[in-house]
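Only one structure is covered here, and it is reproduced in the block below.
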Amino acid sequence: MTAPSFTIARGLGPLPRMLETMRGASATERVFRSEGVPLGLVQDQNGKLPLRVLMALIERSAREVGDSLFGLRLGAAMRPEDFGPVVKYMLAAPDLRTLLRRSIRAVAYQQSGTEFILETWDGVARWGYRVVEPISLGRRHHADHVLMPMLAGLRRYLGHTWAPIHIEVEYDRPQRWRELEQHFDAPVIFGAASNAILFKSSLLARAALNPIPLRDVITFRDLRQAVREQPPLTAAEAARELIKLRLLDSVVDIDGAANLLGVGTRTLQRQLTQENLTYRELVVQTRMERALDLIRESSQTITSIAFSLGYGDIASFTHAFRRWTGFPPSHYRPQEAKTK
């Protein structure tokens with residue numbers, strides 16, 4: 001059983017901050033709670049979440065602030081490299097053609113269920129992006145959110161005043177379509193097969209105007225080594241990622257995980273059974289892996305770690321930890337931490 005499309009949560013970028021600025025701190029809580037997303041994601045965007053959830057969060061945010069151009073404003077507030085190492089790898093390309101080719105093969109390390117496309121004909125190049133999974137909620141805002149950083153990436157090679165021949169979007173023409181054209185600085189064609197930026201193909205040979213510093217260069221080998229960021233491919237991997245995510249708010253119930261996956265609880269249980277796993281087993285494994293990381297790498301007390309993982313008391317956590325590892329939590333605490 002394959003997993004639904006997933007993405008790195010860094011795609012949210014400054015969304016929480018924008019919500020708070022425009023409608024107050026309570027707006028962020030309302031939007032995140034409406035989608036069952038832990039508020040801990042506001043501070044830690046390194047986790048993975050279903051792509052449909054990220055798109056829904058942008059849509060709910062647009063409704064919360066009453067701005068039909070919210071997705072576009074969110075994308076404009078993000079630098080391409082804010083999306084993480086995958087995009088940094090793309091931007092390390094020596095020329096524009098290599099950048100676009102890298103986008104096609106590297107996107108799978110950032111998210112699943114999407115694709116970049118590069119087509120050329122009659123002196124025109126078309127760099128497109130589309131969501132393959134049939135997700136409806138938030139599709140328009142997500143398109144605007146992605147197109148703005150794509151445009152910014154092209155301008156790293158073509159200059160900050162450069163403008164494309166035109167922009168293509170898959171959604172129908174909205175009321176404020178002229179404002180869209182002003183933001184994109186180009187004509188917009190609505191109802192296209194996918195979202196895309198069109199420009200002269202002769203520009204594909206252009207070298208980067210401002211190459212990223214050598215210390216920030218990420219090679220494809222580095223990218224392969226970062227495979228742990230790759231989106232989940234099975235139902236068990238997807239459930240595990242959502243358990244990690246929801247531990248940010250110390251909750252691990254199966255109903256909430258199934259809701260985020262867009263399936264019923266029984267469906268999720270059946271999918272896990274097909275992989276010879278239970279949700280309870282995944283919770284235990286994920287909790288213990290997280291506990292080991294926190295014990296080894298953080299300065300939190302064992303009691304604080306226990307509560308953060310959803311245990312009601314230190315005794316229950318210690319018992320579970322001993323059953324899992326054969327040792328008490330203190331056994332894995334670095335020696336220097338024990339002597340403090």
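No lab work stands behind these numbers, since they all come straight from the coordinates. The structure displayed is predicted, hence computed values, not measured ones. All Cβ positions, glycine included, derive from the backbone under ideal geometry; neighbour counts span all protein chains shown.
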*Provide the net charge surrounding Ala235, with neighbours chosen by a C-beta distance below 10 Å and charges set as Lys +1, Arg +1, Asp -1, Glu -1.*
0
*Would you mind checking which residues have amide H under 5 Å from Asn195's amide H? H placed 1.01 Å from N; only 5 or more apart, or other chain.*
Tyr129, Glu170
*Backbone HN-Hα couplings from phi across segment 280-290 [Karplus 6.51/-1.76/1.60, Hz, Gly and Pro as x]*: 4, 4, 5, 4, 4, 4, 5, 4, 5, 5, 5
*In sequence order, calculated HN-Hα J values of segment 86-91 (Karplus, 6.51, -1.76, 1.60; Hz; x Gly/Pro)*: 4, 6, 4, 4, 4, 6
*asked:* Restricting to Cα pairs below 8 Å that are 6+ residues apart, what does the relative contact order work out to for segment 233-338? Please round to a whole percent.
replied: 26 percent
_Charge tally in the Cβ shell below 14 Å around His160, where Lys, Arg are +1 and Asp, Glu are -1, His160 excluded_ = +3
*Taking H placed 1.01 Å from N in the peptide plane, check which residues at least 5 places from Ala125 or on another chain put their amide H under 5 Å from its amide H.*
Phe199, Lys200, Ser201
_Restricting to lysines 8 or more places apart or on different chains, can you count the pairs in the chain with Cα atoms under 29 Å from each other?_
5
*asked:* Nearest 5 percent is fine: what portion of the DSSP beta bridges confined to the chain is antiparallel?
replied: 90 percent
*Karplus-derived HN-Hα couplings along segment 97-111 (A = 6.51, B = -1.76, C = 1.60, θ = phi - 60°), whole Hz, x at Gly and Pro*: 4, 5, 4, 5, 5, 5, 4, 5, 8, 9, 4, 5, 7, 9, 7
*Determine how many Å³ per residue the convex hull of the Cα atoms of the chain encloses.*
160 Å³
*Can you pull the percent of Cα pairs in segment 68-228 with separation above 22 Å?*
40 percent
*For segment 137-215, size of Cβ-based charge dipole, Lys and Arg +1, Asp and Glu -1, in debye*: 280 debye
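Rank-order 20-32, 293-305 by packing density, defined as the average count of other C-beta atoms within 10 Å over each peptide's residues, highest first.
Descending mean neighbour count gives 20-32, 293-305.
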*Using the charge dipole of segment 68-228 (Lys, Arg: +1 at Cβ; Asp, Glu: -1 at Cβ; taken about the Cα centre), state which of Leu118, Ala205, Val188 has its Cα farthest towards the positive end.*
Ala205
*Could you pull out every residue, at least 5 positions away or on a different chain, whose amide H is within less than 5 Å of the one on Thr234? Hs are placed 1.01 Å off N in the peptide plane, and Pro or chain starts have none.*
Ala3
*Can you tell me which of 82-88, 235-241 comes out highest on packing, and rank the rest after it, using the mean Cβ neighbours within 10 Å?*
235-241, 82-88
